[in-house]
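As structure tokens, the structure follows; a few thoughts come after it.
The values are calculated or read from the model by the stated rules, or taken from the named source; none is laboratory data. Worth saying up front: this structure is predicted, and the values here are computed from it rather than measured. Here the Cβ positions follow ideal geometry from the backbone for every residue, glycine too, while neighbour counts run over all protein chains shown.
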Amino acid sequence: MAAFLIWGFFPVPLRWLAGYASGQILFFRISISLLLLLLMHGVGRRTTVQSVWRQWRSAPAGERRRVALSTSTGGLLLTSNWLLFIYVVNEVSVQAGSFAYLICPILTALLGFVVLGEKLRVNQWVAIGLSALSCALLGVGEIRTLLMSLVVASTYAAYLISQRSLQGYDRLVLLTVQLLLAAVLVLPIAQLLGAQPLAGLHDTHLLLVTGLLSLGFTVVPLFLNLYALNVLPSGTVGIMMYLNPLVSFGLAFLYFGERASTTQGVAYGVILLSVVLYNLAFQRRMQPTNT
């Protein structure tokens, strides 16, 4: 819950960089986040890193391939999600970015059913149907916004699903490997994405804000999110994601002064109904365990 509450306020510092290319923001967010994690491991987590390496090396060949594939896939999906989200918030609207994470819990639950075989109740299937209806409403005259939101949501939902298979490994070490892979991926194509690394090193505003994004809105919430996946089903973690867009929607209307059409308002209401419906089903299922 803490991770998604933090991410809800992400559009505020991101909008401070509205004049920068999405690739420039992505490059420094990845680079600074990676440096922070490497510093953290180097100072106080060397033993943990060595333990994870020995654990992976001593695992059966099938498990080693699975962990390597899930980690590399996660790095690719995370990088894609970051780039797309930065572009959507700064070039389309905060609402579009918020809607992406409003439908992401439903997509995560659906992918959990298809890929991982996680069970869905009747209420949850109805919630998925309502979310599809909201997408259809938004698609009326807003097809570009809808498609951008769907792509952003799909990349993060797929990221959550890909990480469910990494049980038993230190999440912070895996996150570091993923960001290292992201850096290797982004560096060769930095200029194609609009990034100017050397020029950015002399931009104090860019460095300070991307530093805030890296520590406060990347390393800390991502670790909390990945840690939760150790014990919670991906659908449960996904449904908690509604906290993120609810905060962001509030910011869009109250802080950024954005407006919504009647059709958009109805679509947002339908998706909120689907989230509540899914969550109520979850609460009933979990009640016997709590007692």
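Residue under question is LEU180, and the condition is that it be at pLDDT 85 or above, over 22 Å from LEU116 (Cα atoms) and surrounded by fewer than 18 Cβ atoms within 10 Å (Cβ to Cβ); does it hold? The answer is yes for LEU180. The helices (runs of 4 or more DSSP H) found entirely in the range 193-291 that carry 2 or more residues being modelled with pLDDT under 80 and either over 20 Å from VAL89 (Cβ atoms) or among the polar types (S, T, N, Q) (or both) are 220-228, 234-240, 262-290. Screening the range 4-18 for residues that are in a loop (DSSP other than H, G, I, E, B) and modelled with pLDDT of 90 or more and picking the one that is farthest from ILE86 (Cα to Cα) gives PHE9. Please list, ordered by first then second residue, the pairs with beta carbon atoms under 8 Å, 6 or more apart or interchain, first in the range 1-23 and touching a residue at least 24 places away in the same chain (Cβ under 8 Å), second surrounded by fewer than 22 Cβ atoms within 10 Å (Cβ to Cβ) and of a type in the set (Asp, Glu). Correct list of pairs: SER22/GLU91. The residue that is surrounded by the fewest Cβ atoms within 10 Å (Cβ to Cβ), among those in the range 5-18 that are aliphatic (A, V, I, L, M) and within 20 Å of PRO197 (Cα to Cα), is ALA18. Being free of Cβ contacts under 8 Å to residues at least 60 places away in the same chain and farther than 21 Å from LEU229 by Cβ is a property that holds for ARG144.
Every residue, every condition in (1) surrounded by 15 or more Cβ atoms within 10 Å (Cβ to Cβ); (2) closer than 24 Å to LEU166 by Cα; (3) under 24 Å from the mean Cα position of the chain (by Cα); (4) without any contact (Cβ under 8 Å) to a residue 24 or more places away in the chain, yes or no:
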site	(1), (2), (3), (4)
ILE30	yes, yes, yes, no
ALA59	yes, yes, no, yes
ARG64	no, yes, no, yes
THR71	yes, yes, yes, no
ASN81	yes, yes, yes, no
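When GLN55, GLN24 are checked against the criterion of being out of contact with any helix residue (DSSP H, G or I) (no Cβ under 9 Å at 6 or more places or on another chain) and either of a type in the set (Ser, Thr, Tyr) or at pLDDT 90 or above (or both), GLN55 stands alone in meeting it. Just one of the numbered conditions (1) closer than 30 Å to PHE253 by Cα; (2) surrounded by fewer than 15 Cβ atoms within 10 Å (Cβ to Cβ); (3) of a type in the set (Gly, Ala, Ser) is not true of ALA21: (2). The condition (being in contact with a Phe, Trp or Tyr (Cβ under 7 Å, 6 or more places away or on another chain) and part of a helix (DSSP H, G or I)) is satisfied by just one residue among VAL177, VAL152, VAL173: VAL152. Candidates are the residues of the range 83-107 that are hydroxyl-bearing (Ser, Thr, Tyr) and under 14 Å from the mean Cα position of the chain (by Cα); the one that is modelled with the lowest pLDDT is TYR101.
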